[in-house]
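I have placed the structure first, in the form of structure tokens, so that the comments after it can refer back to it.
The numbers here are math on the coordinates, done by the rules we state, and not lab data. Every value quoted in this text rests on a predicted model; they were computed, and no experiment measured them. Note that we place each Cβ from the backbone using ideal geometry, even for glycine, and neighbour counts take in every protein chain shown.
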Ligand code: SF4
């Protein structure tokens, strides 16, 4: 029987820097490859640098070295690789809390309800605003009806136009009422104080998110 393998950019143990679970210790499985090219991408190495081919067994063995710790599968875009599904299943079977960070361009309908999906919705400033899979907002809302909190939505914003675009989308879909919704300033592009001021002015019930790992380790771009 052929081995189940995945293309891996890096495996590491760090502080979860984003999502509503920011601040917790977390094991990261960063898959190689991405179908988007966001203007502010801080993970270009996932599609520009060499990757490793690793068996499911070897990946799970790395995770097993950190017993009881939450696991995030990220990228790149992890849903591009079919074998991410058996990986998620195996981690859940091992009793792990599993997060899947996805860029929103691929349907999330096959992701088990026990997995916490953190889904980007790409803003105009990313250059990828047309990438959102058609049903993903409806799927996110449905996931949260089935298992509350099982899908978070994240917007990375580059300027006021992005903010207004995201605010209007949140209001149009009533996102914040049922779905943890995170607004994050693009690093080095949008001043968090500006974003905070706009959110406060509009009384927008979303969470301002700063990348904790970037604040803790500003000199490191990988492995954190
Ligand atoms: S989806 Fe993520 S990894 Fe892919 S280009 Fe955009 S920011 Fe980079």
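The figures follow:
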| quantity | calculated |
| --- | --- |
| Range of Cα positions in segment 158-210 per principal axis (Å), largest first | 30, 19, 17 |
| Cα-based helix-to-principal-axis angle, 160-173 vs the chain, degrees rounded to 10 | 80 |
| Length-normalised contact order for the chain - Cα pairs under 8 Å, 6+ apart - percent | 19 |
| Antiparallel bridge percentage (DSSP; both residues within segment 1-157; nearest 5) | 40 |
| Burial ordering of 13, 47, fewest other beta-carbon atoms within 10 Å first | 13, 47 |
| Packing-based order for 112-123, 80-91, using average beta carbon neighbours within 10 Å, highest first | 112-123, 80-91 |
| Cα-based radius of gyration of segment 137-181 once divided by 2.2 N^0.38 Å, which approximates compact folds | 1.19 |
| Spin-label zone in segment 99-131 - amide nitrogen under 14 Å from a point set 7 Å from the Cα of residue 138 along the C-beta vector | 107-109 |
| Normalised alpha carbon radius of gyration of segment 43-111 [divisor 2.2 N^0.38 Å] | 1.13 |
| Diffusion coefficient, µm² s⁻¹, Stokes-Einstein with Kirkwood Rh over alpha-carbon pairs of segment 7-54 at 37 °C and 0.692 mPa s | 275 |
| Alpha-carbon centroids, segment 19-52 and segment 106-142: separation in whole Å | 16 |
| log₁₀ of I(q)/I(0) at q = 0.10, 0.18 Å⁻¹ - the chain, Debye sum with one point per alpha carbon | -0.43, -1.47 |
| Cα pair count fraction exceeding 14 Å, expressed as % - segment 98-177 | 60 |
| Histogram of C-alpha separations across segment 5-97, 5 Å bin width, % | 3, 14, 25, 24, 21, 11, 3, 0 |
| Residue with peak Gaussian network fluctuation, the chain [Cα springs, cutoff 10 Å], from 14, 61, 126 | 61 |
| Gained length - residue 37 relative to residue 12, 0.36 nm times residue gap less alpha-carbon distance | 6.6 nm |
| FRET efficiency, residue 5 to residue 201 (Cβ-Cβ, R0 45 Å, nearest 0.05) | 0.35 |
| Among 202-211, 30-39, the order from most to least packed when residues are scored by Cβ within 10 Å on average | 30-39, 202-211 |
